[in-house]
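What follows is a single structure, written as structure tokens, with notes after it.
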Amino acid sequence: MTTEIKYYLRPIGLINNSEGKLLAKEDKVLLIKGVYFSNIEVLTRKNKKVVEKKVYSVKEFLEKFKKNKKFEQSFNRLFLKNKKLEKLLYNDRGYSIFGILNLTPDSFSDGGENLLLKKANNNAQKMIDNGAMFIDVGGESTRPGAEQVTPEKEISRIMPIIQILSQKKINISLDTRNSSTMELGILSGVKVINDVSALSHDQRSVDIIKKYNCPVVIMHMPGTPKTMMKKNKYFNVILDVFDYLEHRIISCENIGIKRENIIVDPGIGFGKDYKQNLEIIKNISIFHSLGCYIMLGVSRKKFIDVISSEPDPKKRIGGTISATLFALQHGIRIHRVHDVKDINQAIMLFQKLIN
């Protein structure tokens, strides 16, 4: 039997900015997405199951492997910069908050809260005032076990608020897996598509993204919202999610979607139990070597309840902040959240402390 071997790189060993700037002059640290790392972990995967890990100092790695073809592409992708997305997402702030606006009766933590157009508009404006760069509008619940909604129903839910937000020049992302919804949204002012199915639910979706040259978030989810929690079986959850996202990126590139338009999301809570979610968050920096910006959505998720015994999603702000700041410290700069004011305040203070 042929042995299939694959290598992965994960930057680790966080260094504070003042020390990092000094060590960078001696090639002892790497600056990746605004964060200094002192080590590189090399993971070797054999036939899916066997994973070997070895940690190298940055200097040691550069001396041994920088020009090694096995690692060259993954290493170079750690440093890819995207001027288009930098300008769109960050506005010189260094991070981006996507405020969640669900126009659904059955979303897991805010179902029914935004069914009235006036209330939805007020909540969206409040999130913008509190520091959101984007309002992420959704018309179909993707909570575990959720039933599929027709594109027609989804469109009837989202279009009134999209038209209002667009007129107010508010940045909009659209959480949908349906191509007809995507196209109508883009034509109405949507700037980013956020697809939990990674453009696999609707075959025409890739054509829409390509046609309008629109940035898209592709997320990992096994199966569908209705079936995903029955499909959370992995050889290695971190590397399986990585491989899936890498495959979807390559598939998108092969049909003409530019990598510079792709943002990846490991899909916390989507087909993962709480231990699997924690593993992904703890190892989140491995996804930098995909060469795409990373979005993380941990807001009010169930894994926080499992750890802290808090059944009310609206009372999971503390856990959300903790996971968000941990990810930010590892270079994850796009965060999709419900509680914009609290998260933005936490990030602003955190950045002042570390910088």
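Can you tell me how many residues within the stretch 1-28 are in contact with a strand residue (DSSP E or B) (Cβ under 8 Å, 6 or more places away or on another chain), free of Cβ contacts under 8 Å to residues at least 24 places away in the same chain and hydrophobic (A, V, I, L, M, F, W, C)?
The qualifying residues number 3.
Taking into account only those residues within the stretch 269-318 that are small (Gly, Ala, Ser) and touching a residue at least 40 places away in the same chain (Cβ under 8 Å), which is farthest from residue 101 (Cα to Cα)?
Narrowing the stretch 269-318 to residues small (Gly, Ala, Ser): 269, 271, 285, 289, 291, 297, 299, 308-309, 318.
Okay, now just the ones that are also touching a residue at least 40 places away in the same chain (Cβ under 8 Å), so 269, 271, 285, 289, 291, 297, 299.
Values: 269: 18, 271: 22, 285: 28, 289: 31, 291: 28, 297: 13, 299: 13 Å.
Once the filter is applied, the top-ranked residue is 289.
Residue by residue, here is whether (1) touching a residue at least 60 places away in the same chain (Cβ under 8 Å); (2) outside the structural domain of residue 305 (by TED's automatic domain parsing) holds:
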residue	(1), (2)
30	no, yes
39	no, yes
63	no, yes
66	no, yes
91	no, no
100	yes, no
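Within the stretch 243-266, can one find any residue that is touching a residue at least 24 places away in the same chain (Cβ under 8 Å) and over 29 Å from residue 210 (Cβ atoms)?
no
Listed here are the residues, each with its yes/no results for (1) of a type outside the set (Lys, Arg); (2) out of contact with any Pro (no Cβ under 6 Å at 6 or more places or on another chain); (3) not in a helix (DSSP H, G or I).
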| residue | (1), (2), (3) |
| --- | --- |
| 27 | yes, yes, yes |
| 42 | yes, yes, yes |
| 55 | yes, yes, yes |
| 61 | yes, yes, no |
| 67 | no, yes, yes |
| 74 | yes, yes, no |
| 85 | yes, yes, no |
| 91 | yes, yes, yes |
| 113 | yes, yes, yes |
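Among the residues that make up the stretch 220-243, is at least one of them of a type in the set (D, E, K, R), at pLDDT 95 or above and in a loop (DSSP other than H, G, I, E, B)? Show your work before the answer.
Just the residues of the stretch 220-243 that are of a type in the set (D, E, K, R), to begin with: 226, 230-231, 233, 240, 243.
Cutting the leftovers down to at pLDDT 95 or above gives us 240, 243.
Going one step further and asking which of them are in a loop (DSSP other than H, G, I, E, B), we end up with none.
No, the stretch 220-243 has no match at all.
Is there a residue being surrounded by 20 or more Cβ atoms within 10 Å (Cβ to Cβ), touching a Leu at 6+ places or on another chain (Cβ under 6 Å) and in a strand (DSSP E or B) anywhere in the stretch 267-290?
no
Out of (1) touching a residue at least 24 places away in the same chain (Cβ under 8 Å); (2) outside the structural domain of residue 313 (by TED's automatic domain parsing), what's the single condition that is false for residue 96?
Result: residue 96 passes all but (2).
Could you give me the residue pairs with C-beta distances under 7 Å whose first residue belongs to the stretch 145-161 and is without any contact (Cβ under 8 Å) to a residue 60 or more places away in the chain, whose second residue is exposed (fewer than 14 other Cβ atoms within 10 Å of the Cβ) and aliphatic (A, V, I, L, M) wherever it lies, and which are 6+ apart or on separate chains?
160/117
When the residues of the stretch 198-233 are filtered to those that are under 20 Å from the mean Cα position of the chain (by Cα) and among the hydroxyl-bearing types (Ser, Thr, Tyr), which remaining residue is farthest from residue 142 (Cα to Cα)? Please lay out each step first, then the result.
Within the stretch 198-233, the first condition is being under 20 Å from the mean Cα position of the chain (by Cα), and the residues that meet it are 198-201, 205-206, 209, 213-225, 228-229, 232.
Going one step further and asking which of them are among the hydroxyl-bearing types (Ser, Thr, Tyr), we end up with 200, 205, 224.
Values: 200: 15, 205: 18, 224: 8 Å.
Out of the qualifying residues, it is 205.
Quick check on my filter: what residues within the stretch 135-153 are under 29 Å from residue 347 (Cβ atoms), in contact with an Asp or Glu (Cβ under 9 Å, 6 or more places away or on another chain) and not in a strand (DSSP E or B)?
As a first pass, look at the stretch 135-153 and keep what is under 29 Å from residue 347 (Cβ atoms): 135-144.
Narrowing the set further to residues that are in contact with an Asp or Glu (Cβ under 9 Å, 6 or more places away or on another chain) leaves 136-143.
Answer for the stretch 135-153, where residues must be under 29 Å from residue 347 (Cβ atoms), in contact with an Asp or Glu (Cβ under 9 Å, 6 or more places away or on another chain) and not in a strand (DSSP E or B): 139, 140, 141, 142, 143.
Table: residues versus (1) buried (at least 22 other Cβ atoms within 10 Å of the Cβ); (2) of a type in the set (D, E, K, R).
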residue: 191; (1), (2): no, yes
residue: 197; (1), (2): no, no
residue: 204; (1), (2): no, yes
residue: 210; (1), (2): no, yes
residue: 230; (1), (2): no, yes
residue: 255; (1), (2): no, no
residue: 300; (1), (2): yes, yes
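So residue 132 clears everything in (1) farther than 23 Å from residue 201 by Cβ; (2) not in a loop (DSSP other than H, G, I, E, B) except one condition, right? Which one?
Unmet condition: (2).
I'd like to verify a number: residues in the stretch 319-355 that are touching a residue at least 12 places away in the same chain (Cβ under 8 Å), among the small types (Gly, Ala, Ser) and in a helix (DSSP H, G or I), how many?
4
What are the pairs, 6+ residues apart or on separate chains, where a residue within the stretch 206-224 that is assigned by TED's automatic domain parsing to the domain that holds residue 237 has its Cβ under 7 Å from a residue that is β-branched (Val, Ile, Thr) and part of a helix (DSSP H, G or I)?
212/186; 214/186; 216/209; 220/241
The values are calculated or read from the model by the stated rules, or taken from the named source; none is laboratory data. Just so we're clear, the structure is a prediction, and the values are computed from it rather than from any experiment. Every residue, glycine among them, receives a Cβ derived from its backbone with ideal geometry; neighbour counts consider all protein chains shown.
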